[in-house]
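Trainee: Take this structure first; my questions come after.
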Amino acid sequence: MAATGWLALAVAGAAAQRIPAEVKSAEASIDAEKIRAHVRFLADDLLEGRGPGLRGSEIAAKYIATQFALDGLKPGGDNGTYLQQVAFVGVKADASRTTFQIEPAKAAPIDLRYGDDYTVSNQQHQPLAEIDAPIVFVGYGVTAPEFGWNDFAGVDVKGKVILCIVGDPPSDDPKFFGGKAMTYYGRWTYKFEQAARMGAVGALIIHRTDLASYGWSVVQNSNTSEKTYLRDDANPKLEAASWVQLEVARKIFAASGMNLETEMDAAGRKGFKAVELPVKLKAHVESTIRPFDSPNVIGILPGAEHGRDQAVMYTAHFDHLGFVPGMKGDNVYNGAADNGTGCGILLEEARAWAQMGIQPPHDVIFASVTAEEQGLLGSEYLGQHPPVPAGQIALDINYDMILPVGIPREVNVNGAQRTTFFPEVEQTAKRFDLAIVPDPRPEAGSYYRSDHFSLSRVGIPAFSIDTGTLYEGHDKAWGEAQEKDYNEHRYHNFSDNYTPDMDFRGNAKLARFGMELGWEAITAPRGVEWNQGDEFAAARRASE
């Protein structure tokens, strides 16, 4: 073995010796069948898809709170409870009364079909919106001064509707929009936020499967049900936050005497200029408005130095997409993998920590959050109202959609490399016989698509633990096929159900791995920080 290999083993071995026997014993007690039991219950039809503010979601929250109480965790929610209530507004467009029409200046109007051609939500929480406004093509809809990029330069979109492309401007340079990896500028949430900040009344995001990293069915399923918003969010909002099919965009450009491919290509180059098209959007959006509360569920294992720096937090969202009333057949989005698995891991991890037998030096916080599927809203609220100050939380470890298909030999910890904690992550992965693999789909912007991102935005070092594609007893092609099958047939679909043949041993392994990482973080001689120059480093400094 090379000298560097011996050195790596020696370092990993020394680190292993720092882990107390009580911690190793608690890790060993983590039981795949207990995780299975949690997933089986949370994914049951009884819980009706765990849509925020609905009966099934309330059952899920109370179930998780009861588990925390049985473990002996202290309440971390409101008024001595485990529940941190979040005020939301649900908005659901009325498919039978909502209309979208593209009106070219010199051609016949084009009627669009709700769900098939477009989706829409009124972010202003109003029951009626009437829009008759010009469409402005703004390329990728990005204002990024650090990259010298401004798609809104020289154009006024106030009172108008923007048309933009999902994703980042194309790049092969990691220092320019992340290269092949999507930045937050590429996410649909950013596109809507920036359009509203610029004064637009609506936004049409052009869907293209390769750029979005998911098909139209995901957009349709996620956006034709009720959309949820934080009730007290004072940021500017759109009257019509919409997606449109690629073919709809093609028709809009054709009606303007332009070619879709030519315009999309031009939008990806420096020097692109936004253009107001000779086309209007005439929209009538009727919505049902439903104010409601839905809780984050928080339990705390107090540390010996409670109230001082270096708490560790574990997160996993418990919500999913609910159900479709009146639909024939299977109408429940059960969300077994997404995110029954993350909740099951969180609950079993909480039990193991609580029964460890020794008090950790700092607090360990367990938060199962709501409304992740609606744009990371529960974790956004948690980040703004943490149970201890954000500057006192050393690390957040998040679990989201861990496919229960076997024992992984690889782990994806995308985002950990952005922190000073990454060497400990590498050493711990070696001890668990886990090869760290890069994000397999950096173009999908996965770092910005799960709840750790909300905590990052307030400065807390945070990342998710996920598997790679190599599993014990199989080659990588097998693992890739499992992931492909799930993404194409079950992700955000009615078929994400619990089945008895699910193998939760890998979930248990990643729970043990996360538990050891947590112990390393709360016993480190210095707190975890973002690497110098990271986009979240300034927020970390502000929180301390």
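The values are calculated or read from the model by the stated rules, or taken from the named source; none is laboratory data. Keep in mind that this is a model prediction, so the values were computed, not measured. Quick reminder, even Gly has a Cβ in these numbers, built from the backbone with ideal geometry, and neighbours come from all protein chains shown.
Trainee: Can you tell me which of Ala311, Ala336 is under 30 Å from Lys227 (Cα atoms), assigned by TED's automatic domain parsing to the domain that holds Glu529 and modelled with pLDDT of 95 or more? Before the answer, list the steps.
Mentor: On the way: Ala311 fails: under 30 Å from Lys227 (Cα atoms).
Of Ala311, Ala336, the one residue that is under 30 Å from Lys227 (Cα atoms), assigned by TED's automatic domain parsing to the domain that holds Glu529 and modelled with pLDDT of 95 or more is Ala336.
Trainee: Pick out the one residue from Gly459, Gly527, Gly473 that is assigned to a loop (DSSP other than H, G, I, E, B), in contact (Cβ under 8 Å) with a residue 60 or more places away in the chain and surrounded by fewer than 14 Cβ atoms within 10 Å (Cβ to Cβ). Reasoning before the result, please.
Mentor: Values: Gly459 fails: surrounded by fewer than 14 Cβ atoms within 10 Å (Cβ to Cβ); Gly527 fails: surrounded by fewer than 14 Cβ atoms within 10 Å (Cβ to Cβ).
Within the list Gly459, Gly527, Gly473, the selection yields Gly473.
Trainee: For segment 504-528, which positions are closer than 23 Å to Asn334 by Cα and either touching a Lys or Arg at 6+ places or on another chain (Cβ under 9 Å) or aromatic (Phe, Trp, Tyr) (or both)? Even if it seems obvious, please write down each step before you answer.
Mentor: Just the residues of segment 504-528 that are closer than 23 Å to Asn334 by Cα, to begin with: 504-508, 510-511.
Listed by number, the residues that qualify are Phe504, Asn507, Ala508.
Trainee: Kindly establish whether Gly303 is more than 30 Å from Gln101 (Cβ to Cβ) and assigned to a loop (DSSP other than H, G, I, E, B). Step through it out loud before you land on a result.
Mentor: On the way: more than 30 Å from Gln101 (Cβ to Cβ): yes; assigned to a loop (DSSP other than H, G, I, E, B): yes.
So Gly303 passes the test.
Trainee: Being within 31 Å of the chain's Cα centre (by Cα), surrounded by fewer than 19 Cβ atoms within 10 Å (Cβ to Cβ) and among the polar types (S, T, N, Q) is the requirement here; does Gln101 meet it? Can you show your working first?
Mentor: Details: within 31 Å of the chain's Cα centre (by Cα): no; surrounded by fewer than 19 Cβ atoms within 10 Å (Cβ to Cβ): yes; among the polar types (S, T, N, Q): yes.
No.
Trainee: Same structure again: Please indicate, with yes or no, whether at least one residue in segment 425-436 is assigned to a strand (DSSP E or B), touching an Asp or Glu at 6+ places or on another chain (Cβ under 7 Å), farther than 19 Å from Ala316 by Cα and touching a residue at least 24 places away in the same chain (Cβ under 8 Å). Lay out the reasoning, then the answer.
Mentor: Taking segment 425-436 first, the residues assigned to a strand (DSSP E or B) are 435-436.
Those left that are additionally touching an Asp or Glu at 6+ places or on another chain (Cβ under 7 Å): 435-436.
Checking which are farther than 19 Å from Ala316 by Cα leaves us with 435-436.
Checking which are touching a residue at least 24 places away in the same chain (Cβ under 8 Å) leaves us with 435-436.
Looking for residues that are assigned to a strand (DSSP E or B), touching an Asp or Glu at 6+ places or on another chain (Cβ under 7 Å), farther than 19 Å from Ala316 by Cα and touching a residue at least 24 places away in the same chain (Cβ under 8 Å), one finds at least one in segment 425-436, hence yes.
One line per residue, one yes/no per condition, for (1) out of contact with any strand residue (DSSP E or B) (no Cβ under 9 Å at 6 or more places or on another chain); (2) surrounded by 19 or more Cβ atoms within 10 Å (Cβ to Cβ):
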site: Thr419; (1), (2): no, yes
site: Gly445; (1), (2): yes, yes
site: Ser450; (1), (2): no, yes
site: Phe453; (1), (2): no, yes
site: Asp466; (1), (2): no, yes
site: Trp478; (1), (2): no, no
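Trainee: Moving to a separate point now. If you go through segment 368-380 one residue at a time, do you hit one that is more than 16 Å from Val39 (Cα to Cα), surrounded by fewer than 24 Cβ atoms within 10 Å (Cβ to Cβ), in contact (Cβ under 8 Å) with a residue 12 or more places away in the chain and of a type in the set (Val, Ile, Thr)?
Mentor: No: segment 368-380 contains no residue that is more than 16 Å from Val39 (Cα to Cα), surrounded by fewer than 24 Cβ atoms within 10 Å (Cβ to Cβ), in contact (Cβ under 8 Å) with a residue 12 or more places away in the chain and of a type in the set (Val, Ile, Thr).
Trainee: Give segment 503-525 a look and list any residue that's in contact with a Ser or Thr (Cβ under 8 Å, 6 or more places away or on another chain) and farther than 15 Å from Gly340 by Cα, or say none.
Mentor: Phe513, Glu516, Leu517, Glu520
Trainee: Condition first: under 30 Å from Asn221 (Cα atoms), hydrophobic (A, V, I, L, M, F, W, C) and not in a helix (DSSP H, G or I). Now tell me which residues in segment 340-381 satisfy that. Reasoning before the result, please.
Mentor: Of all residues in segment 340-381, those under 30 Å from Asn221 (Cα atoms) come to 340-347, 366-381.
Narrowing the set further to residues that are hydrophobic (A, V, I, L, M, F, W, C) leaves 343, 345-347, 366-367, 369, 371, 376-377.
Listed by number, the residues that qualify are Phe366, Ala367, Val369, Ala371, Leu376.
Trainee: Residue check, Gly391 against (1) surrounded by 23 or more Cβ atoms within 10 Å (Cβ to Cβ); (2) assigned to a helix (DSSP H, G or I), all met but one. Which one?
Mentor: Here Gly391 meets the rest and fails (1).
Trainee: Scan segment 219-239 residue by residue and report those that are in a helix (DSSP H, G or I) and either modelled with pLDDT of 90 or more or in contact with a strand residue (DSSP E or B) (Cβ under 6 Å, 6 or more places away or on another chain) (or both). Break it down into steps so the answer makes sense when it comes.
Mentor: First, the residues of segment 219-239 that are in a helix (DSSP H, G or I): 219-223.
Selection gives Val219, Gln220, Asn223.
Trainee: Something else now. Which residues, counting only those in segment 193-214, are over 14 Å from Gly167 (Cβ atoms) and either free of Cβ contacts under 8 Å to residues at least 12 places away in the same chain or hydrophobic (A, V, I, L, M, F, W, C) (or both)?
Mentor: Answer for segment 193-214, where residues must be over 14 Å from Gly167 (Cβ atoms) and either free of Cβ contacts under 8 Å to residues at least 12 places away in the same chain or hydrophobic (A, V, I, L, M, F, W, C) (or both): Ala195, Ala196, Met198, Ala200, Val201, Ala203, Leu204.
Trainee: Please work out if Ala429 is crowded, with 24+ Cβ neighbours inside 10 Å, closer than 25 Å to Ile407 by Cα and small (Gly, Ala, Ser). Explain how you work it out, then say what you get.
Mentor: Numbers: crowded, with 24+ Cβ neighbours inside 10 Å: no; closer than 25 Å to Ile407 by Cα: yes; small (Gly, Ala, Ser): yes.
In short, no.
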